[in-house]
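First comes the structure, then the notes that go with it.
The values are calculated or read from the model by the stated rules, or taken from the named source; none is laboratory data. These numbers come from a predicted model, not from an experiment. Here Cβ is always computed from backbone atoms with ideal geometry, including for glycine, and neighbour counts include all displayed protein chains. Please note that ligands, DNA and RNA were not included when accessible areas were found on the heavy atoms of the full protein model with its side chains. Shrake-Rupley method; radii C 1.70, N 1.55, O 1.52, S 1.80 Å.
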Amino acid sequence: MKTRYRWVPLIALGLLAACGQQGNAPSGSADKSGSDIPGATVDGARIIAADTEPGAWMSHGRTYDEQRYSPLDKINQESVADLGLAWSYRLDVDRATEATPIVVDGVMYVTGAFSIVSALDPVSGKELWKYDPKVPRDKGRDGCCDVANRGVAIWKGKVYVGAYDGRLIALDAKTGAKVWEVDTVLNANRSYTITGAPRIIQDKVIIGNGGAELGVRGYITAYDSETGKELWRFFTVPGNPEDPPESKAMEMALPTWKGDHYWKFGGGGTVWDAMAYDPDLNLLYIGVGNGSTWNREVRSPGGGDNLFLSSIVALKPDTGEYVWHYQTTPADHWDYTATQHMILADLDIDGTPRKVLMQAPKNGFFYVLDRATGELLSAEKFAPANWATHVDMETGRPVENPEADWSKEPRLVSPGPLGAHNWQPMSYSPKTGLVYIPMQEAVAYFVPEDQEYSGKGTWHMGSKPIALPEDPKELAGAVAAHKGHLIAWDPVAQKEVWRQSYVTLWNGGTLSTAGDLVFQGTADGRFVAYSAAKGDKLWETPANTGVMAGPVSYEIDGEQYVTVAAGWGGAFPLALGGLSEPAKVRPEARILTYKLGGKATLPPPNNEVLPLPEPPEVTADEATIAKGRDLYNAGCGMCHGPNAISGSVLPDLRYMTPETHKLFAGILAGAYAGKGMPSVMDKFSPEDVEAVHQYIIQRAHDLKKQMPEADKAGSPAG
């Protein structure tokens, strides 16, 4: 357990500051005047013609088809060895960094944690302006998977960002001044968030929300880009059956839900990430998330497919009207979202040119659909998956394995909720015809538990809280069962062509280029380039932190650059803390930009080694400690790690100082709310707080017994 000791968060930053860090970022303009900054005159015609401006990265996936392919080739297999750091920019909050930078008209626009927007000079990294939407730092409790943001959209002189607390904000691209904002949250008494990047089509800013695990009803909304006026809203799951359905789509969906629980839980189905657009067909494609609760027997007793959970849905972007859908996981039972990245391409299948949509969602199958009709063309496993044997091509439905049904008894299922592929974007190279997927091997042990909706800020899974083994050998076995790979996938032949394997999962999104390269960051703190055709590693450089975001490439004055947002965090290290130990990184949030001949350097990584403070005596009996374990895993484990083992993003509570132990009850009552640790006294009684405290103290003693004597005294940073 020596490595657990090495990678704990710094106590000096303030233990139990669960959802915030390092204060608020400033807002306003840098010394360059707004009149000197280009106005970012992006519109639909310009995005559609993006290949005529190969040096720009104007939208989230560069193009509306979201291929994440750069036509630039000055950085190629022959020259990549000379790639070096051009500049780095330190973000304000060291938390999950997931943004895709936008680079257009000589300015880079990027976001960090808590939805802070920075405009940068893409050649030097100089800050031009910064905007902080001032998201309350204790808002993290209302979200699933860290206070992340995946980027902005640019349109006709404005920058659009979805703030974590549910606001959609339009900024002046020249100055960063706020033009308008609108609250996208339908019900303030529910735990809605925004982490995804907006998309803009026909002067409509389109944004979804997160929060399915916490009991919300999913929808996606379009707003007027000039005024912020709501233009349409598409619900993904039905509401109270006593109310009239909002649309024909909801009339279709309502009979696929049973019982009277689902709408009390919200139903889920949030549209928290993936979208794509075909301007020729004039169709918007959205990916829909998991159910609330995960357990379908709790959510919808009596069965039903529960439309449109875990579905790809095609809409008319001018009205939000339903066109077609394909459900990847009918009656989702395992948190198998279909919100993962979607790519549009034209492929030759069985000798016939087809306009297709491709997705590799959490459930482990790679889907190829006709994007005009939703017809399933093929579906094959791209990762280990025991929940279904195959997809029946006659019905388009997966053939479930009865051994994966955990509604009545515990089951070990793969993939687990982290998925065979999560939000980290894949890419497609039209040169190789391959899709490059950050694939994951992950399992989960589901234990059913009946549940009622219990309010804002509470996870609703219909299962017992996530727990990890406390025996070190058993924990090591669980760690070994979680693996990460980069795979190159042939979507026509539906087979893997090559792979590169990593020390763990939660590796970064991919970028493919005309230079026959694939770029990807890794969980263990590297940025790597591979041969797109063969998978040979051609170059790598340290990033100082886990890299999860998708890279981009752009060109200024004939110089090609590659940029990636780096910063560890998210669901894996937060909610499954101890399993992420092989990454051995801390969350240092930066924008890293590379060019041929770059000579800039990074400081040493912030991996200070800390001594384990002497824990207080355990004064509780075994029953109280067992109660504290359950309360901790249900109420604290999703941020500080199950069984009091942190994933290095937020404080490891076993390392509390004597002073923090004295403050423990007050901290849980809200004393550190301004630092990001919300009050939990709406869920805990004073007796519960003491039980949790005693459990954490016991876990500190457990750690002390496991550590070599030399480590207990501390050692130099490194």
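Listed values, structure above:
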read-out	value
Strands (runs of 3 or more DSSP E) wholly inside the stretch 460-519 that include at least 2 residues being of a type in the set (S, T, Y)	495-502, 510-513
Filtered residues of the stretch 256-275 (kept if over 16 Å from T337 (Cα atoms) and in contact with a Phe, Trp or Tyr (Cβ under 7 Å, 6 or more places away or on another chain))	K264, F265
Filtered residues of the stretch 506-523 (kept if of a type in the set (S, T, N, Q) and within 19 Å of L574 (Cβ to Cβ))	N507, T522
Filter result (aromatic (F, W, Y) and out of contact with any His (no Cβ under 7 Å at 6 or more places or on another chain)) within the stretch 303-335	Y322, W324, Y326, W334
Index of the failed condition, Y436 passing every other in (1) surrounded by fewer than 17 Cβ atoms within 10 Å (Cβ to Cβ); (2) hydroxyl-bearing (S, T, Y); (3) in a strand (DSSP E or B)	(1)
Test: residue in the stretch 388-403 that is in a loop (DSSP other than H, G, I, E, B), open to solvent by 10 Å² or more (accessible area, probe 1.4 Å) and within 22 Å of A481 (Cα to Cα)	yes
In the stretch 511-531, the residues that are touching a residue at least 60 places away in the same chain (Cβ under 8 Å), under 14 Å from I487 (Cα atoms) and crowded, with 24+ Cβ neighbours inside 10 Å	L511, S512, L517, V518, Q520, A529
Qualifying positions in the stretch 295-319 - open to solvent by 10 Å² or more (accessible area, probe 1.4 Å) and touching a residue at least 60 places away in the same chain (Cβ under 8 Å)	R296, E297, V298, L307, D318, T319
Selection status of A549, on the phi < 0 side of the Ramachandran plot, in contact (Cβ under 8 Å) with a residue 40 or more places away in the chain and surrounded by fewer than 24 Cβ atoms within 10 Å (Cβ to Cβ)	no
Hits in the stretch 657-684 (condition: crowded, with 16+ Cβ neighbours inside 10 Å and at positive phi)	G676
Selection count, the stretch 109-136, where residues are open to solvent by less than 10 Å² (accessible area, probe 1.4 Å), polar (S, T, N, Q) and on the phi < 0 side of the Ramachandran plot	2
Qualifying helices (runs of 4 or more DSSP H) (wholly inside the stretch 621-679; at least 1 residues being over 25 Å from P472 (Cβ atoms) and touching a Pro at 6+ places or on another chain (Cβ under 8 Å))	658-666
Every pair of residues 6+ apart whose Cβ atoms lie under 6 Å, when the first sits in the stretch 37-63 and is open to solvent by 10 Å² or more (accessible area, probe 1.4 Å) while the second is of a type in the set (K, R)	G39/K174; D43/K156
Of residues in the stretch 156-180 being open to solvent by 50 Å² or more (accessible area, probe 1.4 Å) and basic (K, R), the one nearest to K134 (Cα to Cα)	K178
Some residue of the stretch 432-447 being among the aromatic types (F, W, Y) and touching a His at 6+ places or on another chain (Cβ under 8 Å)	no
Residue in the stretch 370-385 that is surrounded by fewer than 20 Cβ atoms within 10 Å (Cβ to Cβ), in contact with a Ser or Thr (Cβ under 7 Å, 6 or more places away or on another chain) and not in a strand (DSSP E or B) present	yes
Some residue of the stretch 438-446 being modelled with pLDDT of 95 or more and either more than 24 Å from D332 (Cβ to Cβ) or among the polar types (S, T, N, Q) (or both)	yes
Qualifying positions in the stretch 552-571 - open to solvent by less than 10 Å² (accessible area, probe 1.4 Å), touching a Leu at 6+ places or on another chain (Cβ under 6 Å) and not hydroxyl-bearing (S, T, Y)	Q560, V564, A566
Strands (runs of 3 or more DSSP E) enclosed by the stretch 141-231 - at least 1 residues per element that are within 23 Å of the chain's Cα centre (by Cα), under 30 Å from R299 (Cβ atoms) and among the aliphatic types (A, V, I, L, M)	167-172, 204-208, 219-224
Of all residues making up the stretch 224-263, the number that are within 14 Å of A212 (Cβ to Cβ) and open to solvent by 60 Å² or more (accessible area, probe 1.4 Å)	1
Where a residue in the stretch 125-138 is among the acidic types (D, E) and its partner, wherever it lies, is in a strand (DSSP E or B) and surrounded by 23 or more Cβ atoms within 10 Å (Cβ to Cβ), with Cβ under 7 Å and at least six apart	E127/S118; E127/L120
Residue list for the stretch 155-187, restricted to those being more than 23 Å from V104 (Cα to Cα) and aliphatic (A, V, I, L, M)	V182, V185, L186
